[in-house]
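Just so it is clear, none of the values below were taken in a lab; they were calculated from the coordinates. Computed from a prediction, not measured in an experiment: that's the story for all the values here. Reconstructed Cβ throughout: ideal geometry from the backbone, glycine too, with neighbour counts over all protein chains shown.
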Amino acid sequence: MTDSLPPFVAPEQTPAWAELLALADLWLARRITDAFSADAARVDALSLPAGALWLDASKQAWDAGVLAQLLALARAVRLPEGIEALFAGAEVNFTERRPALHMACRGGADVPPADRERFAATESRLQAFVTAFHRGELRGATGERLDHAVNLGIGGSDLGPRLACEALSHQEAPQRNVRFVANLDPSDFSATIRGLEAARTLFVVSSKSFGTAETLANLERARAWLSRELGTHETAAHFLAVTSNPDKAQALGFAPDRILWLPPWVGGRYSLWSAVGLPVALAFGWERFLELRAGARRMDQHFRTEPLERNLPVWLGLLGLWNANLLDVPSWAVLPYDQGLSWFPAWLQQLEMESNGKRCRRDGSLVPYPTAAVVWGMSGTLGQHAFHQLFYQGTRRLTLDFIVPLPRPLDAGRRALAQHALAQAGALLAGRTRDEVRAALRTQGLAPEEIEALAPHHEIPGNRPSSVLLTEGWDASVLGELLAAYEHATFVRGWIWGIDPFDQYGVELGKELARTLAAGGTLAGFDPSTRALAARLDAHR
Ligand code: F6P
């Protein structure tokens, strides 16, 4: 589709793919604990440091032989050239004929020459807004200082900054109160602004397209609220827009000096590093935002320059592909053992599922293998008391990522939290055999027939694959490294699958139907169920 990329190579036609299929057969019949017994060096061979991150992937159903074939696959499909193409600004978003240069926002790649001036000007204005906000120089309609902010945005215009603000707020108290409204549900807006003083509230309206229904509805709500509270319609001083579509923002009443430019080559779900990250800087200061970017930049350098065999995002990407395609594992649970990372699963859902939840390849062929897994999760230890039971004794195949930030110094509470993570990963691998169960029940003094009746219920099969990602220290820059590592892993999978991780045509269909319904348009093209439900909704008063 675009000649600026190395040619597409179908992964299933490479010799490495055939080797991997054979290895997968072996691993589907093998216990991971047996692999530990057979290889004393397994933990070292399958662990990898990168900056402040430490990945232990030895509890996954693979070994150095599988990794070698995955690396051979990566080379066969020209992943190194793909990585270079990404950083060089080639049109890796080949359906929209655009580069994907979110790394440029954090200094990890060059800004395209034609956009340098505009990008630098935006950076200066961004910093100036942040500084003015912190100095109390931004004034609202009544002349009062604007000293707290509400981000209006959804998807990539919400999840990244929301995740970062939440994560950092568990490390330090924010300097300013910053909140987030995303949902079309009016109660999201009203509940979020509860207790805020309109005269002192700044709204950041973040939308790459400036056409997203949820965000525009919340913009209207914000305007109505300010007008009502302040007794004036002159509320422009309370708003900033972040967008790739300044014309649309202007048409909706934003003066040019209230608009911050989001370059079109930054995808929505990769936009935290751009002006979309403004809420992070408003809450924690410009320096903290720069630290976040610096951590991500370190991961960019690692991804771009480390050989594939020592490259953490490459490992993460290949491991995901091995699980999804060759072991046929459809579900990927991510469990951050850090309450500040409670938005990480949602952020990763958008990152992976919106990027790689696709089936059409660059050459127009449909993929003959599964693509993105279903991503889900919750912060540990909360998940332990919600769904870990299914991990232990359920029947579904899944893989788990335990993310375990280790702040320095590590206090007793955080140590206990990390111990929980390690214990879960270890217990899920080991399980409990029928004989172990019998022995345990005997010590409780149960009668033999009772033991036999209960033993199958207590038995835990184990062999549940997981990765553990530790951090050495936990601050804004380590957070940046972590997020960038997952971003790049998503690219690795998308590249090998041959799909475009930077478009999202699928989501558009649902939006179209919603627009038709909202406009009272004809539903003739839709199924009887949808038509009947729409009629029921119409009749509801
Ligand atoms: O859900 C589709 C999507 O386009 C996402 O890719 C994006 O992050 C979100 O909507 C919000 O879009 P925008 O930033 O244009 O409002």
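Note the direction-averaged projected area, equal to a quarter of the hull surface, for the Cα convex hull of segment 42-108, in nm². With every direction weighted equally, the projected area is 6.3 nm². Can you give the percent of C-alpha pairs in segment 378-493 whose distance is more than 19 Å? The answer is 59 percent, as a whole percent. When each of the peptides 127-136, 209-218 is scored by the mean number of other C-beta atoms lying within 10 Å of its residues, the order from highest to lowest reads 209-218, 127-136.
What translational D, rounded to a whole number of µm²/s, comes out for the chain from Stokes-Einstein when the hydrodynamic radius is the Kirkwood one over Cα pairs, at 4 °C and 1.567 mPa s? It diffuses with D of about 52 µm²/s by this estimate.
Semi-axes of the equivalent ellipsoid for segment 269-364, computed as √(5λ) from the eigenvalues of its C-alpha gyration tensor and ordered from largest down, come to 28, 18, 15 Å.
Here the simple spin-label model places points 7 Å from the Cα toward Cβ, and for ALA224 and GLU309 these points are separated by 6.3 nm. Electrostatic bookkeeping for THR215 treats Lys and Arg as +1 and Asp and Glu as -1; over the other residues with beta carbon under 14 Å from its beta carbon, the sum is +1. Listed by chain and number, the lysines whose alpha-carbon sits under 30 Å from that of LYS59, ignoring those within fewer than 8 places in the same chain, are LYS358.
Please figure out what share of the DSSP beta bridges in the chain is antiparallel and state it in percent, rounded to the nearest 5. Given both bridge residues lie in the chain, the antiparallel proportion sits at roughly 25 percent. Working note: Cα atoms of segment 55-171, range along each principal axis, descending, whole Å: 67, 40, 23. The lysines within cross-link reach of LYS248, meaning a Cα-to-Cα straight distance under 21 Å and a gap of 8 or more places when in the same chain, are LYS208, LYS511. FRET efficiency for the HIS233 to ASN177 pair, using the beta carbon distance and R₀ = 22 Å, is estimated at 0.30. Put in line by how crowded their Cβ is, counting other Cβ atoms within 10 Å and starting with the fewest, ASP401, ASP56, ASP25 read ASP25, ASP56, ASP401.
In this calculation the C-beta distance from LEU537 to ALA213 is compared with R0 = 22 Å, giving a FRET efficiency of 0.85. Distances between placed amide hydrogens fall under 5 Å for VAL334 paired with TRP376, GLY377, MET378, ASP401, all partners being 5 or more residues away or on another chain.
Each Lys and Arg Cβ is given +1 and each Asp and Glu Cβ -1; about its Cα centre, the chain then shows a dipole of about 820 debye.
Grouping the Cα pair distances of segment 138-191 into 10 Å bins from zero gives a pair-distance distribution of 21, 44, 32, 3 percent in increasing distance order. A convex hull fitted around the alpha carbon atoms of segment 442-541 yields 397 Å³ per residue. Residues within the reach of a label modelled at HIS385 (point 7 angstrom out along Cα to beta-carbon, backbone nitrogen below 19 Å), restricted to segment 322-357, are 335-343. Put the Cα centre of segment 46-85 next to the Cα centre of segment 195-224 and the gap is 43 Å.
Semi-axis lengths, largest first, of the ellipsoid equivalent to segment 320-382 are 27, 13, 6 Å, with √(5λ) applied to each eigenvalue of the Cα gyration tensor. Legend: calculated FRET efficiency, SER365 to ARG415, from the Cβ-Cβ distance at R0 = 56 Å, rounded to 0.05, equals 0.65.
Once you place label points 7 Å from the Cα toward the Cβ at SER190 and ALA439, how far apart are they in nm? Using points 7 Å along Cα→Cβ, the separation is 6.1 nm.
Counting neighbouring beta carbons within 10 Å and listing from fewest to most, the residues MET353, MET103 come out as MET353, MET103. The alpha-carbon atoms of segment 102-291 define a convex hull whose volume equals 106 cubic angstrom per residue.
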